[in-house]
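Here is the structure we will look at.
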């Protein structure tokens, strides 16, 4: 289980450094925007779910100038950065619908039913403890035939780090990620129509393990498990990871693999749907 209080603290701490280290996250968002290009929409209200520092909300506003953007994140400091980034949108013209900034948990949405034309989410769903509940609520706040478009990380993400930590610790130290087939089945089970799910792998390389650790820390991507066990921690644990990472070194570089899952789907016109069996 993800400890949300702990993760909020981590993301609050990394808010100011996030943009400097979010190269992969920006690439993923750009790929998702290319998929959005294929869909013709004229939205009035868009929810950026897990908005972070507001980059995607700004791009969405540039694309849909007549729409209002709701920036939603559970980190107060991320929202402050988003407000700074989107301030020019507010000052540009009194005719432009100013964005909103709301602090809350993705798994505890408090919006009324059937209000959003688009729910957009990049690199946030992996911090949910129950995707079924989350997808059910997202469907309920979408207008009939509203679009849910998202990216998240799949099971092959950071497999190098996961394998190493399993070898040197009796407790799990890295996050679990749900595979694309299970995500599709959950979407269908929660009443979404015709989900399109794709995956892509990225491999980032680093001159040293310290640079990988620094990047993960500065984007807030450290593990968020609720149960923290005794064992190797701190510098001793990091030294063990560095030793284990040597077997993955290739041409002097240390790789970090990310499996990115992209998806988009629509809310059905009515509430009738047939549950399907969820893959284990």
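Read the figures in this text as sums done on the coordinates, not as results from a lab. Quantities reported herein were computed from a predicted structural model and do not represent experimental measurements. FYI the Cβ positions are ideal-geometry reconstructions off the backbone, even for glycines, and counts take in every protein chain you see.
Computed over all pairs of different Cα atoms, the Kirkwood value for the hydrodynamic radius of segment 17-74 is 12.1 Å.
Dimensions of segment 95-214 along the principal axes, based on C-alpha atoms and rounded to the nearest Å, stand at 50, 37, 26, largest first.
Springs between Cα atoms under 10 Å define the GNM used for the chain, and in it the highest mean-square fluctuation of 21, 148, 237 occurs at 237.
Here the gap between residue 16 and residue 63, fully extended at 0.36 nm per residue and compared with their Cα-Cα distance, gives a gain of 14.3 nm. Relative to the longest principal axis of the Cα atoms of the chain, helix 76-85 runs at roughly 60 degrees. Relative to the longest principal axis of the Cα atoms of the chain, the long axis of helix 209-218 makes an angle of roughly 30 degrees.
Extent of the chain along its three principal axes (Cα atoms, max minus min coordinate, largest first): 55, 48, 35 Å. Which of rounded, prolate or oblate describes segment 23-143 when judged by the alpha-carbon gyration tensor and an a/c cut-off of 1.5? Verdict is rounded for segment 23-143.
Sorted by packing (mean other beta-carbon atoms within 10 Å per residue), highest first, where do 127-137, 50-60, 70-80, 181-191 land?
Numbers: 127-137: 17.4, 50-60: 24.7, 70-80: 22.2, 181-191: 19.0.
The peptides rank, most packed first, as 50-60, 70-80, 181-191, 127-137.
Here is how the number arises for the chain: DSSP H runs of 4 or more residues each give -39500 (n - 2.57), the sum is divided by the residue count, and the result at 222 nm is -11000 deg cm²/dmol.
Relative to the longest principal axis of the Cα atoms of the chain, the long axis of helix 4-14 makes an angle of roughly 80 degrees. You can think of it this way: the chain between residue 108 and residue 179 has 23.3 nm of extra reach, that is 0.36 nm per residue less the Cα-Cα gap.
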